[in-house]
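Novice: Encoded as structure tokens, here's the structure I'll be asking about.
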Amino acid sequence: MITKYKIGLAVVLCAYMLPFLSGCSSSILSTPKGVVMAMFGAMQKDDKATLAHLLDLPILMKNINEDYALQSDSPRVFTSPQQILEDLTDGGLTKTRWFSYQRVINKTEVSGETAIVEVTFVDKQNSKGYRTNFGLHKVNGKWKIYSFKSL
């Protein structure tokens with residue numbers, strides 16, 4: 001009897017807390033900086049589904065002039081959204097390089113439906129920093145990352 005009571009109480013508490021938790025995550029995603037933070041969190045968890053919602057994959061696929069993995073000699077060309085998601089998760093080159101550095105999310109500039117979030121990747125071993133601007137724009141009212149431009 002006590003077990004049924006505890007299970008029932010847990011279900012009620014979860015149902016009560018769900019709106020607060022979902023409101024919390026949606027408020028984080030309502031800012032460009034929050035989307036960038038959520039992207040790094042999804043990368044850490046190898047969560048391709050969340051990354052697919054945070055990234056404008058068709059626009060990222062069009063980037064053929066610059067490789068965002070840092071320290072690459074020539075740009076890699078991605079022929080499918082899946083390739084980008086694999087690069088940002090598991091043992092992907094970009095994830096491996098980005099996560100070998102300390103990541104510092106700096107200032108955000110918003111101009112209407114577009115935004116830039118400055119991110120610095122700090123190589124403590126070599127006392128070097130790589131500054132990038134993550135480009136975001138609104139797609140159907142939600143911020144999505146469409147560019148990882150190295151400076």
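Novice: Rounded, prolate or oblate for region 76-139? Axes are the square roots of the Cα gyration tensor eigenvalues, ordered a ≥ b ≥ c, and the cut-off for rounded is a/c under 1.5.
Specialist: It is oblate, given that a/c is not under 1.5 and a/b is not larger than b/c.
Novice: Does region 31-150 come out rounded, prolate or oblate by the C-alpha gyration tensor, with a ≥ b ≥ c the root eigenvalues, rounded set by a/c under 1.5 and, if not, prolate when a/b is larger than b/c and oblate if not?
Specialist: Here region 31-150 falls in the rounded category.
Novice: Okay, moving on. Where in region 71-151 are there trypsin sites (Lys or Arg not before Pro) that are in a DSSP coil and have at most 11 other Cβ atoms within 10 angstrom of their Cβ?
Specialist: Here the sparse-neighbourhood loop sites are Lys124.
The numbers here are math on the coordinates, done by the rules we state, and not lab data. Quick caveat: nothing in here was measured; it's all calculated off a predicted structure. Cβ: placed from backbone, ideal geometry, glycine included. Neighbour counts: every protein chain shown.
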